Amino acid sequence: MSKLETALVQLGNKTDERTGAINTPIYLSTAYQHQEIGHSTGYDYTRTKNPTRSVLEEGFAKLEEGDAAFACSSGMAAIQLILSSLFRLGDHLIATKDIYGGTFRIFDHFEKAYNISVTYDDCQDVAQTERCINENTKAIFLETPTNPLLQEVDIQKYANLAKRHNLLLIVDNTFLTPYLQQPITLGADIVVHSATKYIGGHNDILAGLVVTKTPALSERLFEMHNASGATLSPSDSWLLIRGLKTLALRMQRHEENAQQLAAYLQEHPAIRQVYYPNKGGMISFCLKDANQVKSFLANLNLIVFAESLGGVESFITYPTTQTHADMPKEERISRGIGDDLLRFSVGVEDADDLKADIEQALQVVSKV
């Protein structure tokens, strides 16, 4: 089998036998001709199946070593697909306590609207997590590393726990991508991505991806994917195919830069704490004085203050007013997301330029 780097570059190649096109064609047609009743080319209506989206889904399933993939209109649509396909009234799931604010928001909605309860746990101690399981528990939902505190969770240990209790293990792999982590090979049943981030990689697409381990799970998600219609457009599917071709190169540079920036921030006198798992391109850090956050962000010149991550450009996000703004303040603070915390998506620029930008911004703040 080809190495992952090769599989990424070759994704979509040799899929158009009629023309031999190297670049995957964008099939914009919404409908496909039937020669007669009962005859189909395999494509009937684009919501159900589209040739461009099929290239993406089939290729991505192989990258995550799963059975099937489902391309959705956003990362949140991908999570909603899982919830609406697999959970019913009264079900219970366990999720990492440190979790993306948007995921917290949709879980909160399902709790209120459908009585699907969620228990949040640090997921650092399997025995402690096991005590959260009850007769209605159906799944464990992990982010690893978590968002925004970048805590790692041992997927294999939690896969064993899930198996012992006949639970599904769902892993959000947005931060590491299949280049750095393949949860299904470690025992997960479902992998979810906000493909808007590293998979697309250029801050020009909104997308989500779900990968299932077994045909039985694939069938259930396919039915809801088709029924709900929250599918990815052909043009956006093409953008993800294009992004995946450079994923290995980008992730290597993201990680190299992040390691340098984490070391720099850990030694800086204006920084109270740095969170970095020594892999991937995401860093979170706390200023010593939360009152300086506003001025620090305003004085960045190269790094962009914006609410996203995973693009080639470096972004710094303020969880308090952006990604976790919908989380009640007391809840947010109790989870360790304080007003001094910043999340840094380290881009592929020159690392010294990134350090210099942070340094000059901190110097301005210190003089105020």
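Checked against (1) loosely packed, with under 12 Cβ neighbours inside 10 Å; (2) farther than 22 Å from L186 by Cβ, R53 passes all but condition (1). Scoring R88 on the criteria (1) of a type outside the set (S, T, Y); (2) farther than 30 Å from D122 by Cβ; (3) loosely packed, with under 15 Cβ neighbours inside 10 Å; (4) out of contact with any helix residue (DSSP H, G or I) (no Cβ under 6 Å at 6 or more places or on another chain) leaves a single failure, condition (2).
Taking the criterion of being surrounded by 13 or more Cβ atoms within 10 Å (Cβ to Cβ) and either at negative phi or not assigned by TED's automatic domain parsing to the domain that holds Y100 (or both), the residues of the stretch 112-125 that qualify are Y114, I116, S117, V118, T119, Y120, D121, D122, Q124. Report, ordered by the first and then the second residue, all pairs with beta carbons closer than 7 Å, sequence separation of six or more or different chains, a first member in the stretch 224-243 that is within 18 Å of I205 (Cα to Cα) and assigned by TED's automatic domain parsing to the domain that holds P51, and a second member that is of a type in the set (G, A, S) and in a strand (DSSP E or B). What qualifies is T231/A71; L232/A71; S237/A71. Flag: A71 matches the condition of being outside any helix (DSSP H, G or I), touching a residue at least 40 places away in the same chain (Cβ under 8 Å), surrounded by 22 or more Cβ atoms within 10 Å (Cβ to Cβ) and of a type in the set (G, A, S). Of all residues in the stretch 28-45, those being in contact with a Phe, Trp or Tyr (Cβ under 8 Å, 6 or more places away or on another chain), of a type outside the set (D, E) and assigned to a loop (DSSP other than H, G, I, E, B) number 5. Of all residue pairs spaced 6 or more apart or on separate chains, those with beta-carbon atoms under 6 Å, a first member in the stretch 16-33 that is within 12 Å of W238 (Cβ to Cβ) and a second member that is small (G, A, S) and part of a loop (DSSP other than H, G, I, E, B) are T24/G12. Among the residues in the stretch 286-302, are any within 19 Å of the chain's Cα centre (by Cα) and closer than 30 Å to I106 by Cα? No, the stretch 286-302 has no match at all. Identify the residue in the stretch 266-281 that is in contact with a strand residue (DSSP E or B) (Cβ under 7 Å, 6 or more places away or on another chain) and either part of a loop (DSSP other than H, G, I, E, B) or modelled with pLDDT under 95 (or both) and, among all such residues, is nearest to V312 (Cα to Cα). Looking at the filtered set, the residue picked out is G281.
The values are calculated or read from the model by the stated rules, or taken from the named source; none is laboratory data. Remember, predicted model here, so these are calculated numbers, not experimental data. Because the Cβ atoms are built from the backbone with ideal geometry, glycine has one as well, and the counts that use them run over all protein chains shown.
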